[in-house]
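Down below is the structure, laid out as structure tokens.
Where a number appears in this text, it was derived from the coordinates with a stated rule and is not lab data. Not measured: the values here are computed from a predicted model. For neighbour counting, all protein chains shown are included, and Cβ atoms are generated from backbone atoms with ideal geometry for every residue, glycine included.
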Amino acid sequence: MTDEIWKNEERAVFTLRSLYRRYGYAPYKMSRFEEYDLYVRNKDFLVSDQIITFSDGSGRLLALKPDVTLSIVKNAPEAPGAVQKVYYNENVYRDYREIMQAGLECVGDLGDYEIAEAVLLAVKSLKLLGDRFVLDISHMGLIAAVLDSCGLSGQERKQAMDCLRRKNRHELEALCRGSDVAWEKLSTLLSCRGSGKEVLDRVAAVLTTDPERQALEELRSLWKILETSGFENAVRLDFSVGSGGMHYYSGVVFRGYLAGIPASILSGGQYDKLARKMGKRCRAIGFAIYLDLLQDGQRQDSAFDVDTLILHDGTVDTAVLTAAAEAAAKDGSVLVTEVLPKDRNWKKLVRFVNGEAVQ
Amino acid sequence: MKTMINVALPKGRLGEKAYAMLKQSGYDCPSIEDPGRKLIFENPEKGVRYFWVKPSDVAIYVERGAADLGIVGKDILLEYQPDVYELLDLKMGKCRMAVAGKKDFRDPAGQTLKVATKFPNITRNYYSGKCRDIDIIHLNGSIELAPILGLSHVIVDIVETGTTLKENNLMVYEEIVPISARLIANIASYQFKDDVINEICESLRKQVEEL
């Protein structure tokens, strides 16, 4: 009974909260409004540019928060060794919709441990939300280094990223015409997908420059940790993640999926570049979970809205009705009413005729 | 239980050709070949389910996960920019997106160019790349009428053979992009059904290469 009344997303909020607390993340509560200026300056970081704005009494332009990350980075610590770990669940406002979001951010003087911990927490979050899940991992630094070494810039670079993002081999081939090196590298990134064993060495074989190799080594050590933690079957390396519209991401990027939900439910990565752009000397990693998508996977609770419907004509003694309702509530839900409700169905109907209960 | 793959086919000749290729790949569905009013066709043995939808809706069915795979024209992908994987160019339904106008058309330099089209986003992107100021007139059909009646200077539309244009004294001035049919996949479905989707994709790729 208690389990039934939780909506998927409500249950998720509580299980995730306890997971993040266990790893030392503190709750973060942000105000509903932020100064519009913060979002305008970092518009590219936002998923949607439809921000709801209004002015306060003194004429300052405020926005209903479309995002949580920017507010956390704004207040990130900059001292050497200082790390701030927070989790949140907040409603954000995009395209005139209210979206329930949970997530965590780790900002400050991050080392490899913090990066690995955040990725592991992403996998663990997915595991709490469903039995079948996949986390796709990519590395923006690797993609950028490969594009650099191919000499792609401007429009071509954007097109190449777009092809990677859409697994669009045919247009990538046309784009790389004339450069066998670019085609070899980029088509390898495009077609490689799977476990570290299947992907890492194949990619390593086509790399030629130091920045490329360095980024790949970062992925390799992350993969080892995921493998040791027993997630090698749930995590795939896939370079279609984060190849488009994520130019504030610098290192590891990832996206999580649950079977039965038609879009990615978790999205995140390392976004040092955003912190730098906001004038912060710190590194940052985090992810968001779009809880409203869990409604898609909501199971139908029961075939009936109420278990027992008690229908009376208004003349029945209140004490009698109360006793009948209490008895019915013991093994299910009960609704006491004088008229048959049109928009609800029920399993059992108890009707009071002349003060007597008739089943 | 066999994984079911849902495929959205565009109504019309393109969809029929695409189905023929899928059938060749071993994903046949006998009931689809019976004429009737059914909307969904299933072959549980092969683990495949087909449905016909309006060509411009295919991308929506796939993006939202009602279909795992779909066959759709590149024009629709460019116009609506759905978040899907574009796995294969099927090299059929070939045509081009082009700017056309009356035979005696001259670009009214110094004026806003009036463009009639079914594809406002493609049109906007194309002209903003050229920094040309335009006024988009969004029509749903019979685009060719617009320049003839003086509603617009030019049109941006799909040109297959060019016969309709010729018969109406219109001609192509600029080609924007070549168009053909593409195999698309829902990104989340791909995570869980990648083995089957890759198998279908590879088999279709072979057929395309043999053409």
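The mean sequence separation of alpha-carbon pairs under 8 Å and at least six residues apart, normalised by the residue count of chain A, gives a relative contact order of 18 percent.
Counts of other chain beta carbons within 10 angstrom of each beta carbon in peptide B:185-197 average 5.
Cross-link partners of A:K280 among aspartates and glutamates, defined as those whose alpha carbon lies under 12 angstrom from its own and excluding same-chain residues fewer than eight positions apart: A:E78, A:D109, A:D272. The value of relative contact order for the stretch A:304-358, using C-alpha pairs under 8 Å at least six residues apart, is 56 percent. Between B:P108, B:P147, B:P178, the residue with the greatest mean-square fluctuation in the GNM of chain B (Cα pairs under 10 Å linked by springs) is B:P108. The angle between the Cα long axis of helix A:140-149 and the longest principal axis of the Cα atoms of chain A comes to about 30 degrees, rounded to the nearest 10.
Both the radius of gyration and Dmax for the protein assembly as shown are 28.4, 92 Å, in that order, over alpha-carbon atoms. Taking every DSSP helix (H) stretch of at least 4 residues in chain B, weighting each as -39,500 (n - 2.57) and dividing the sum by the residue count yields a mean residue ellipticity at 222 nm of -9500 deg cm²/dmol.
Relative to one another, the C-alpha centroids of the stretch B:85-148 and the stretch A:11-59 are positioned 40 Å apart. Across the stretch B:85-175, counting alpha-carbon atoms alone, Rg and Dmax equal 13.6, 43 Å. Dividing the radius of gyration of the alpha carbons in the stretch A:6-79 by their Kirkwood radius gives 1.06 for Rg/Rh.
The value of relative contact order for chain B, using C-alpha pairs under 8 Å at least six residues apart, is 27 percent. Mean partner shielding of peptide A:260-266, defined as the number of other chain Cβ atoms within 10 Å of each residue Cβ, is 4. Any chance you could check the Cα centroid distance between the stretch A:291-356 and the stretch A:211-289 for me, in angstrom? When both Cα centres are located, 49 Å separates them. Per residue of A:229-242, other chain Cβ atoms within 10 Å of the residue Cβ number 1 on average.
Each 5 Å bin from 0 upward holds the following percent of the Cα-Cα pairs of the stretch A:8-300: 1, 5, 12, 15, 17, 17, 14, 10, 6, 2, 1, 0, 0.
Reported to the nearest whole Å, the Cα centre-to-centre distance from the stretch A:159-205 to the stretch B:181-195 is 17. Of the beta bridges in the protein assembly as shown, as assigned by DSSP with both residues counted there, near 70 percent are antiparallel. In terms of surrounding Cβ atoms within a 10 Å radius of their Cβ, B:K193, A:K330, A:K43 rank from fewest to most as A:K330, A:K43, B:K193.
Kirkwood-based Rg over Rh for the stretch A:1-150 (C-alpha set), two decimals? Checking Rg against Rh, the ratio lands at 1.01.
Given the pairs A:K7/A:K29; B:K11/B:K91; B:K2/B:K74; B:K17/B:K103, which are separated by over 27 angstrom at their Cα positions? Too far apart for the 27 Å limit: B:K2/B:K74; B:K17/B:K103. Taking the number of Cβ atoms within 10 Å of each Cβ as an exposure proxy, the fewest-first ranking of A:R41, A:R166 is A:R41, A:R166.
An ellipsoid equivalent to the stretch A:18-59, defined through the eigenvalues of its Cα gyration tensor, has semi-axes of 29, 16, 8 Å when rounded to whole angstrom and sorted largest first. Over the stretch A:304-358, the fraction of Cα-Cα pairs per 5 Å bin, rounded to whole percents and listed from the shortest bin up, is 4, 22, 34, 24, 14, 2.
Estimated purely from DSSP H runs of n ≥ 4, each contributing -39500 (n - 2.57), the mean residue ellipticity at 222 nm for chain A is -11500 deg cm²/dmol once divided by its residues. From least to most packed, judged by other beta carbons within 10 angstrom and beginning with the fewest, A:Y25, B:Y80 follow the order B:Y80, A:Y25. Normalised by 2.2 N^0.38 Å, with N the number of residues, the alpha-carbon radius of gyration of the stretch B:1-45 equals 1.14.
Counting every C-alpha pair in the stretch B:7-147, the share spaced more than 19 angstrom apart comes to 60%. The calculated pair-distance distribution of the stretch B:9-75 uses every alpha carbon pair, bins of 5 angstrom beginning at 0, and gives 4, 17, 29, 28, 17, 5, 0 percent.
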